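K.L.:
This is the structure I want to talk about, given as structure tokens.
Where a number appears in this text, it was derived from the coordinates with a stated rule and is not lab data. Model, not experiment: these values are computed from the prediction. Note that each Cβ is placed from the backbone with ideal geometry, even for glycine, and that neighbours are counted across all protein chains shown.
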Amino acid sequence: MSVLGAHAKSLAITPVAFVQAIVQAYEKYGKNPTAALRSAQIKPEFLCNSGHRISALQMERISGAAMQELDDEALGWFSRRLPWGSYGMLARASISAPKLGVALQRWCRHHGLIADDIRLRLATTGEQATLTITEHADLKALREFCLVSVLRNFHGLACWLIDSRIALQGAQFPFAAPAHQDVYSVLFSGPTVFEAASAAIRFDARYLELPLRRDEAALQQMLKHALPLTVLQYRRDRLLVQRVRQALSTQPANTHSADDLATLLAMSPRTLHRQLKEEGASLQALKDEVRRQRAQELLLRTTRPIKQVAQASGFQNEKSFMRAFKDWTGKSPAEFRQSSGNAPGSPGG
């Protein structure tokens, strides 16, 4: 699977520590990593400097070569090998699920059957879904590489199954921040916390309700290449409209402008407008919808002054609110409230 565009693949971002972990896997199995390093154009002496970085393309090449040479898709992380094709088997068991949540629960359950050194658990609390890794064995020097890779593979599979970007709300790891901690902001969107109780990623639980958009033919194509350690930068976020609507509803004071909203959603204003257009929506239309609903609810259910209703609905001044409300309903806020019987001093007020 091609996981990144040509330009992104060429950027030297991946820490050499991950390559050193692959070399350790070769040592574990008593094999020579020279051919794999050569396939990725990595010289052995390059590994001596912990500050060095390689590109995503180099990482993809050395990972793929190592998985096949070692016949271990886990690259030495676990107490037993995961022979070539193991992760493909898990993907095949998940792809018939009706929605993402079912597919990922299957992945977690089946992963435990082939690798009992760790356990994956997907849980939902309110509007947030969390994938947690519980360690049942000492992963030793390969611990960081293992935990990062498992979380990245899970996230990548989830995105691939629904053909959508899944924005992470955060990630955490049970070890101290490494020297290359800056790369974590690239590997995982949202804030990353170190020295946590366990490794985990969090994301909006509504993604779990989305239907799968991949079939057996797409799976066959994807499985021609090693499972990636990086996630395709999907242009589309199939929950974006809902996420925008929620942000506008719950944080009106922080979403006055497209720049403010884009920052809140961890994307650029240009990307925000483009992706909304791809979904057949516009920011202004969503703003109008949310503000109208909020204003009507406050006018109907409370006796707040019009100025307070305007502020609570996301308007910076009463005049612009009154003009917009008249455009929406054909009535002024006071007339709308009066017609509902909720005006101050009225029988329903």
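K.L.:
Restricting things to Cα coordinates, could you compute the convex hull volume per residue of the chain in Å³?
P.N.:
With only Cα atoms used, the chain gives 157 Å³ per residue.
K.L.:
Please order 22, 54 by the number of other Cβ within 10 Å, starting at the fewest.
P.N.:
Listing 22, 54 from fewest to most nearby Cβ atoms yields 54, 22.
K.L.:
Quick one: Kirkwood hydrodynamic radius for the stretch 247-287, alpha-carbon pairs, angstrom, one decimal?
P.N.:
So the Kirkwood estimate lands at 10.2 Å.
K.L.:
Right, another one. Could you give each residue of the stretch 270-287 its phi-based ³J(HN,Hα) in whole Hz, using Karplus coefficients 6.51, -1.76, 1.60 with θ = phi - 60°, and x for Gly or Pro?
P.N.:
Per residue, the Karplus-derived 3J(HN,Hα) values read 4, 5, 4, 5, 5, 5, 5, 4, 5, 8, x, 10, 9, 5, 5, 5, 5, 4 Hz.
K.L.:
Taking the Cβ of each residue in 60, 297, 318, 195 as the centre, tally the other Cβ atoms inside 10 Å and list the residues starting with the fewest.
P.N.:
Least crowded to most crowded, the residues run 195, 297, 318, 60.
K.L.:
Also, I was wondering about something else. Straight-line reach only, C-alpha to C-alpha below 22 angstrom: list the lysines that residue 224 could link to, leaving out same-chain residues fewer than 8 apart.
P.N.:
9
K.L.:
For the chain, what does the helix formula give at 222 nm: sum of -39500 (n - 2.57) over DSSP H segments with n ≥ 4, over the residue count, nearest 500 deg cm²/dmol?
P.N.:
Here the helix-only value at 222 nm equals -14000 deg cm²/dmol.
K.L.:
Could I ask something else about it? Give the relative contact order (percent, whole number) for the stretch 1-140; include only Cα pairs under 8 Å separated by 6+ residues.
P.N.:
Once normalised by length, the contact order is 17 percent.
K.L.:
Then there's this: For helix 56-70, what angle does its Cα long axis make with the longest principal axis of the chain, in degrees from 0 to 90 and rounded to 10?
P.N.:
50
K.L.:
Roughly what would the spin-label model give for residue 304 and residue 285, points 7 Å off Cα along C-beta, in nm?
P.N.:
2.7
K.L.:
Neighbouring Cβ atoms within 10 Å as the yardstick, rank 278, 69 fewest first.
P.N.:
Arranged by neighbour count, lowest to highest, 278, 69 become 278, 69.
K.L.:
Straight distance only, please: which lysines reach the Cα of residue 319 with their own Cα at less than 26 Å, same-chain residues fewer than 8 apart left out?
P.N.:
Excluding near neighbours in sequence, the set is 287, 307, 331.
K.L.:
List the residues whose amide H sits under 5 Å from the amide H of residue 170, counting only those 5 or more places along or on another chain, with H placed 1.01 Å from N in the peptide plane.
P.N.:
Amide H neighbours of residue 170: 202.
K.L.:
Then there's this: Show the residues, 5+ positions off or on another chain, whose built amide H is closer than 5 Å to the amide H of residue 128.
P.N.:
Amide H neighbours of residue 128, under 5 Å, 5+ apart: 205.
K.L.:
Calculate how steeply helix 240-250 sits against the longest principal axis of the alpha-carbon atoms of the chain, using the helix alpha-carbon long axis, and give the answer as 0 to 90 degrees to the nearest 10.
P.N.:
On a 0 to 90 degree scale, this one is about 50.
K.L.:
For the chain, what's the relative contact order in percent, using C-alpha pairs closer than 8 Å and at least 6 residues apart?
P.N.:
In percent, rounded to a whole number, it is 14.
K.L.:
Using only the Cα atoms of the stretch 1-139, what do you get for the radius of gyration and for Dmax, in Å?
P.N.:
17.0, 50
K.L.:
Using r as the Cβ-Cβ distance of residue 274 and residue 316, and R0 as 45 Å, what FRET efficiency do you calculate, to the nearest 0.05?
P.N.:
Computed FRET efficiency for residue 274 and residue 316: 0.95.
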